[in-house]
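Reading through the structure tokens given below for one structure.
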Amino acid sequence: GFNSTFEREEDRAFQPEQSINYETGLKARFFDSRLFTNIALFYINWKNQQIYQPVPSGQGSMLKNAGKSKSQGLELDIKYIPFPNFEVWGTLGYNDARFVEYKRSATLDYSGNFLPYVPEYTTSLGVNYTLFLKSKVLDRIAVNATYQGFGRHYWHEDNTAFQDPYSLLGSRVTFSKKKFDLTLWGKNLLDSAYNSFYFTALNNSYVQPGKPVSLGISLRASF
């Protein structure tokens, strides 16, 4: 490929990235299909991984190639249904993603650093419950609560700027009647402070804060 923004001739083009992916896993059910488990192990071997970098002046960004990278970890999903219409579930992901060989210049060697934008871990816990009614007003009420956790992740190859671990809590309650759904929802109910994006330009650093507590009402009709 090629960059539309570049300042040196050697930055005009970049090579395609290649990867070899290995994955193995197991799916199982227990207790009369009330407990579901999925686990997967993975390993990714990258060559010439494409990485966004600012141009030397800081006025724009371009794609460059890292020498070699690897990503290895596991994913785990568990769902338990103790009784009808009620389920508890959880997920866990761990990812050790690093540059194996990446010399950006004669003086900058990022080999061994973490890949940017890749959380060390992600986790979630949730509860779903549906109550079916014999009513002229409502057919059912569905309740959901979800907790999400994100590990530290880095914004740049040098690993100097990073986002600390943070968590988000969300919930929604849906009232349904035939083809109509009315939902009361809330996001980031713990009002966690975090940054959703970071970049540098003209030797300055900029961040985009994550959304604060959000509450809302949604109405949906199906035809």
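Could you list log10 I(q)/I(0) for the stretch 100-207 at q = 0.16, 0.18, 0.23 Å⁻¹, which the Debye formula gives when each Cα is one point scatterer?
Summing over Cα pairs of the stretch 100-207 leads to -0.83, -0.94, -1.19.
For semi-axes √(5λ) of the Cα gyration tensor in Å, the choices are [x] 92, 12, 10; [y] 43, 23, 16; [z] 31, 21, 19; which was calculated from the structure?
It is the value labelled [y].
Quick check: pseudo-label points 7 Å beyond the Cα along Cα→Cβ at S19 and K179, how many nm apart are they?
Spacing of the two 7 Å Cα→Cβ label points: 4.3 nm.
I want to check a number: in the stretch 26-97, how many lysine pairs have alpha carbons closer than 14 Å, given a sequence separation of 8 or more or different chains? Before the final figure, lay out each step's value.
On the way: K27/K79; K47/K64; K47/K68; K47/K70.
So the count of such lysine pairs works out to 4.
So how much slack lies between S222 and R29, counting 0.36 nm per residue of separation and subtracting their Cα-Cα distance, in nm?
Going from the current span to full extension adds 66.1 nm.
How far apart, in nm, are the 7 Å Cα→Cβ label points at L202 and F42?
That separation, rounded to one decimal, is 3.9 nm.
Given N residues in the stretch 53-117, what is Rg(Cα) / (2.2 N^0.38 Å)?
Details: Rg = 20.0 Å, N = 65, 2.2 N^0.38 = 10.7 Å.
Computed over Cα atoms of the stretch 53-117, the ratio equals 1.86.
Using a 1.4 angstrom probe on the protein heavy atoms only, could you order F42, F175 from most to least accessible area?
Details: F42 35, F175 65 Å².
Descending order: F175, F42.
Using only alpha carbons, build the gyration tensor for the stretch 6-108 and give me the equivalent ellipsoid semi-axes, biggest first, whole Å.
Calculated on Cα positions only, the semi-axes equal 44, 15, 10 Å.
Hey, any idea what % of the chain's accessible area is carbon plus sulfur with a 1.4 Å probe?
Of all accessible area on the chain, carbon and sulfur atoms account for 57 percent.
Probe of 1.4 angstrom, ligands and nucleic acids ignored: what's the accessible area per residue over the chain, in square angstrom? The partial results should precede the final answer.
Values: 14480 Å² over 223 residues.
On a per-residue basis, 65 Å².
Quick check on packing: order 98-104, 193-199 by the mean number of other C-beta atoms within 10 Å, highest mean leading.
98-104, 193-199
Between V213 and S167, what is 0.36 nm times their sequence separation minus the Cα-Cα distance? Round to one decimal in nm.
15.3 nm
Evaluated at 25 °C with a viscosity of 0.890 mPa s, what Stokes-Einstein diffusion coefficient in µm²/s does the stretch 54-166 have when Rh comes from the Kirkwood expression over alpha-carbon pairs?
D, rounded to a whole number, is 139 µm²/s.
The values are calculated or read from the model by the stated rules, or taken from the named source; none is laboratory data. Being a predicted model, the structure only gives us computed values, none of them experimental. Because the Cβ atoms are built from the backbone with ideal geometry, glycine has one as well, and the counts that use them run over all protein chains shown. Surface accessibility is based on the protein's heavy atoms, side chains included, excluding ligands, DNA and RNA. Shrake-Rupley method; radii C 1.70, N 1.55, O 1.52, S 1.80 Å.
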